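Here, each number is a calculation from the coordinates, and none is a lab measurement. In this text, all values refer to a predicted model and were calculated from it rather than measured experimentally. All Cβ positions, glycine included, derive from the backbone under ideal geometry; neighbour counts span all protein chains shown.
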Amino acid sequence: MAARSIASLTVSFGLVSIPVKLYSATEASKALSFNLLHKACGSRLKQQYFCVKEEVPVAREDMVKGYEFAKDQYVMFTPEELKALEEAGTHTADITEFVPIESVDPIFFDKAYYLAPDKGGAKPYALLARALRASGRCALGRWAARGKQYIVMIRPVEEALVMQQLLYAAEVRSIKDIDIPKTDVKDAELKLAQQLIEQQASAAFDPAAYADEVRARIEAAVQKKVEGQEITMAEAPEAGGQVIDLMEALRASLEKKPARKAAAAKPAGKKAAKK
């Protein structure tokens, strides 16, 4: 099924404008969700809001939004006041600078979108993609949509462009807030750890090699329930033993051949010999 564009916008840098179509790069709809039911009859439950002061249910038309500026103290805003504070959508991603791709830490990555050239935009689109790829840089800019303003990063992926929505600095906690004690690492330990990394190294990340086992387990359980079967719970795996000797643990890991490497070594298309 062909992807459907969710919006159109213009990528602008200098005097160059590139009309593009926007596509969601991820599928949040794939997530499994459960509904809350009444245990006695299995009917759906309806959410109600209660006033904590008067202890009565409140209808949606009697609700307003408020901001808590002090403990249990609020200032109220009407829908019109909140609408006036929203950022007006410009349908333009304005590029403000170009930086090395590796300088943007993935911890700032948020939602991703695919960009495709719109009518009349094929040439400048291809030019920007090729120029970014040749320079090893990405474009940073701003994009306003849905009443908000976002930082965006435009980077080349193969022959295409991806627009990565980024988090603001205030939305990312500093790693300096984490208490990490300074620890000495011996050269022999470092060498064994590097050998272990090399033994399990791959040329590139292959997302297809990883499957959501929890999702598959839930889907299988749902199907069994639909068919009226009983679900048997698997026993929890035993907890691993505590590592006492780091060097011995590293050596044991090196001696244990990874299953993925062993499977890759088998000739394709040949069946195992029967005993």
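Numbers below:
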| quantity | calculated |
| --- | --- |
| Highest to lowest packing among 42-55, 116-129, 211-224, scored as the average C-beta count within 10 Å | 116-129, 211-224, 42-55 |
| Cα-projected label distance for Leu127 with Ala252, points at 7 Å along beta-carbon direction, nm | 6.2 nm |
| By average C-beta atoms within 10 angstrom, highest first, the peptides 59-72, 7-20, 188-201 | 7-20, 188-201, 59-72 |
| Estimated FRET transfer efficiency (Thr10, Ser174; beta-carbon r; R0 41 Å; 0.05) | 0.70 |
| Pairs of lysine residues in segment 49-132 - Cα separation under 27 Å, sequence separation of 8 or more or cross-chain | 8 |
| Nearest-0.05 FRET efficiency for Cys51 and Glu81, computed from C-beta distance (R0 22 Å) | 0.50 |
| FRET efficiency, 1/(1 + (r/R0)^6) with R0 22 Å, evaluated for Glu27 and Thr92 via beta carbons | 0.25 |
